[in-house]
Structures are given as structure tokens and as C-alpha cells.
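Structure, as C-alpha cells:
Every number in this text was worked out from the coordinates using simple rules, so none of it is lab data. Everything numeric here is computed off the predicted structure, so don't read it as measured data. Please note: Cβ atoms are built from the backbone with ideal geometry, for glycine as well, and neighbour counts cover all protein chains shown.
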Amino acid sequence: MEIRSTTDRDREVFVDTFHAAFARFPETPAGERTGVWAALETDRAWLAVAPDGRPVGTAAAYSFELTLPGGGLAPVGGVSAVGVLPSHRRQGVLTGMMRHQFTDVRERGEFLSVLLASEATIYGRFGYGPATFTQRLTVPRHRGALTAPRAGGTGTGEDTGSIEVLRRAECGEILEAVYDRYRRAQPGALSRPPHWWSLGAGQPPIAPSPRYVAVHRDADGVPDGYACYSIGEPDSLLVDETIAADDTVYTALAGFLLNHDLVSEVVFKHSPPENPLRWRLVDLNAGQLTRHTEWLWVRILDVPRALTARGWFCDGELVLDVDDPFLGERGRYLLTVRDGKADCVPTDREPDLSLDVRDLGAVYLGGTAPSTLVRAGHIRAHGPDAAALADALFRAERPPHCLHWF
Ligand SMILES: CC(C)(COP(=O)(O)OP(=O)(O)OC[C@H]1O[C@@H](n2cnc3c(N)ncnc32)[C@H](O)[C@@H]1OP(=O)(O)O)[C@@H](O)C(=O)NCCC(=O)NCCS
């Protein structure tokens, strides 16, 4: 089986093969650069070709930046368009493409790969761990009253801004700028490169489909938040995404939507974990959380670089014994954290934790506590305090969240 990168000439073959893997006919001719295909980076798109010359599998990666705990930005390949023809499945085609991709990632100097999985059973074997989670928050409008903030002070004050409703087509570059500011402060968020916006590559609001957008402006008139929405079910307000510079702006937008006339409920897609909005509802039980699911999977390809790139929020020392069965690599590292920064070097010391690289990926952004994976039987803790120390160390400044689709 040959795996080769594509050129503009075989874009159609690539898209066709991918659609055949999913048994779906394309909505538009493959040659037309619409939707997410418009952003395809041909040198990061691979075709698996059978000995008889027929393309049988596809995989691609998009170049993004991932925000790490502490605000560091890591260049990552966002793997997508993975498909193998039904006639060639379970013969190692995806396995071959994954090996190829990891070599390419390392050659580019990247140390992480990320993806969204169609099924949670596929990618753990390749070393990916589910690193962020997302869910829907549904609030019946008649129970959507919000309390005044009790504390006062930075980030909890009353809103001093204003909200204007625009049509999606009127937003110009407002959404792009607001999203970019937000994603730099949110661990787990991915960049949306400028060409994604200009090409309309992706789902709404990147794709300029008919939508209303509540744009929030600060007291100086500078846009610092938006909520993009439409009426879904007969009288349900479906919010594609709520993006805000801070929690006050987020709550202001949510309050605006919860006051919308003639709807029975407001459905916030992609509600972040531990969404403070729930604590602002007069009735804590009014918000129903559904569709809780993993979203961004992280694959660590260079453990010391990954651990030193993120920020840390308490001091400590841990010895991690990390096994990477897919790549046949193993390393033991001393992680020393002081004043928010980590040092990570090979060591012979006895380990505190033994873990598979997929589990390191799962805890890397702070979305799951290492002790949960100890309790699940995936991570081995060698001393009584190791799991608790790891929990304290790996925590992020806020739970990681990603809502970018690719
Ligand atoms: C998922 C898919 C790409 C796997 O391709 P493939 O070439 O069959 O995968 P491989 O032969 O390399 O499989 C490697 C291993 O993963 C397992 N595996 C593959 N797909 C799996 C799945 N969907 N669920 C559970 N295990 C799976 C295989 O059984 C194999 O296990 P083994 O090593 O123990 O034998 C292919 O089934 C496909 O195209 N599915 C439909 C489209 C899709 O879901 N794409 C993923 C988008 S994120």
C-alpha cells in the first residue's frame, strides 16, 4: 500500500474517495472548493493507493494553533477527512496513514496532533486521548431569569456594554476578531486561520449561512462577544456558539437570548464544562445538560516539549513513566514545576505514575483529572499521594474547551 501526499490535481480524487468511504454522495461537485474542502492543504492530505493503483483511503491535516493551559500556543495538525473504502477496511490502511502522519508532524517540528473522532473507539490505539469535552445546555425560557452577581469586582461586574443584532452577512470581520481574542485565552481552543473565514470553510458561523448574530460591544463600542443563532425546532432558539472576551460578556449575551420572545427554550450548543452561566440562573435546575461528549483528541509526539510548552499553576515534582506502544517508544521523565514553568528531563528515578501516552494526552490540557484515570485502571499510581499531586499539577486555569469543527 502506497501512501502519498496529494497535489491540486488529485483534489477531486481525494474528495471522491473520502465520500465513497462514508457512502455519501457529495453535495457539490468535488472540484468546487466549498465548505471545509476549500481549506484543504494538499501537502497535508494523503491518499492510500492500492497496488493496482486505485485510491482506497484518505487522511488530511489542517494547520491550527492550539491554546495550552497558561496561554501558550502550540502549532498542531488537525487531522480530518479520514476514510477507508469499505472494501479495504481492517487491512491496516488507517494504521499506515497514521504512521505516515506522525512522521510528517515530527518533520514539521510539531509535537502534538489533534482530531475530532467519528467514533470514540478508533483513535486510542494510535495514542490519542480525549482531552476536551463539550455539551448542550438547554434552558426553558420561562425559567431563564438570571440573578445579579453577588461578588462585584473584576469579571463579575454588571455589563456596561451594548448588544446589536446583525445578519450574518453584515458581520464583516467582527466574528473573526472576537473569536481570535477568545481562543487565545481559552485552553483547548483552536485558531481559525483567516482563510477559513474568507472561504467560509466549516460550519456556521464560519460558513456564512442565514443566521442572526447578537454582537456585544464594550463601553467604547469595540466588539467583544457574539452569539450566532437561528430558530431550530418550531419555537426553539438554537445558538451555534457564544463567544465572549470574559464571563460578564458571556452572561450578557446569554441573558439577551434568554429574553427572546416567542421561543420556548434556548439551546446553547457547545456549553463549556463548569459553565458559570448555570450559577447565574435563579433556578439552578433550569439548565439541562445533554449530549455530553468528548470533542478534541490530543496525541503527544514529544513528551518533554509538550510538558514544557504548557503553563502550570502549582509547584511540584513528578516522575512519569510514559509508554507509547504504537510508536514503540518508552521514556521516564522527571517533571519539575516551579513558578508556572516546567522542566522535563529523562530520569532513572522510580516513577510516581506509569501511563500510556493516550492517557497523558487525555490529562494534558487539564480536562480530566489523572486520579480519574487511576480509578479507571488506566494510569498506575505508585505511591499514596501521586494521584492527588498529579491532579493538582495538571489542572488548568479553567477547564479546556474546544468548539471548532473541522
Ligand atoms: C475508521 C476507518 C478509517 C478505519 O480504517 P481501517 O483501514 O479499517 O483501519 P485499520 O485496518 O488500520 O485498523 C486498525 C485497528 O483499528 C481497529 N478499528 C478500525 N476502525 C475501527 C472502528 N471504527 N471501531 C473500532 N475499532 C476500529 C481495527 O479493528 C484494527 O484493530 P486491530 O489492530 O486490533 O486489528 C474506516 O473504518 C472508515 O473509513 N470508517 C468510516 C469513516 C470513518 O468513521 N472515518 C473516521 C472519521 S474520524
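Figures for the structure shown
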read-out	value
Highest-first arrangement of 71-82, 342-353, where packing means the average Cβ count within 10 Å	71-82, 342-353
Net length gained if the chain between residue 63 and residue 302 were fully extended (0.36 nm per residue, minus Cα distance)	84.3 nm
Segment residue 220-residue 285, length gained on full extension (0.36 nm per residue, minus Cα span)	19.8 nm
Scattering curve values for region 229-307, log₁₀ I(q)/I(0), Debye with Cα scatterers, q = 0.13 Å⁻¹	-0.51
Taking the chain and dividing mean pair separation by its residue count, relative contact order in percent (alpha carbons under 8 Å, at least six apart)	20
Choice from 286, 45, 151 with maximal GNM fluctuation in the chain (Cα, 10 Å cutoff)	151
Nearest-0.05 FRET efficiency for residue 41 and residue 349, computed from C-beta distance (R0 41 Å)	0.45
Cα-based shape type of region 228-381, given that a ≥ b ≥ c are square roots of the gyration tensor eigenvalues and the cut on a/c is 1.5	prolate
Chymotrypsin sites (Phe, Trp or Tyr not before Pro) within region 78-129, DSSP loop, no more than 12 other Cβ atoms inside 10 Å	none
Candidates 308, 368, 67, ranked by Gaussian network fluctuation over the chain, Cα under 10 Å, top entry	308
Prolate/oblate/rounded label for region 11-131 (Cα gyration tensor, a/c 1.5)	prolate
Contact order relative to length of region 340-403, as percent, for alpha carbon pairs under 8 angstrom and 6 or more apart	37
Pairs of alpha carbons in region 302-394 whose separation is greater than 23 Å (percent)	12
Global form of region 68-139, assessed from the alpha-carbon gyration tensor, a/c cut-off 1.5	oblate
Gained length - residue 327 relative to residue 73, 0.36 nm times residue gap less alpha-carbon distance	88.9 nm
Estimated D of region 134-293 in µm² per second, where Rh is the Kirkwood radius over Cα pairs and Stokes-Einstein applies at 20 °C, 1.002 mPa s	134
Where GluC sites (Glu not before Pro) fall in DSSP loop in region 1-91, at most 15 other Cβ within 10 Å	27, 32, 41
Those trypsin sites (Lys or Arg not before Pro) in region 49-124 that DSSP places in a loop and that have at most 11 other beta carbons within 10 Å	90
Contact order relative to length of region 2-110, as percent, for alpha carbon pairs under 8 angstrom and 6 or more apart	27
In Å, descending, principal axis extents of the Cα set of the chain	60, 58, 34
Max mean-square fluctuation residue, GNM over the chain, Cα-Cα springs under 10 Å, options 393, 85, 258	85
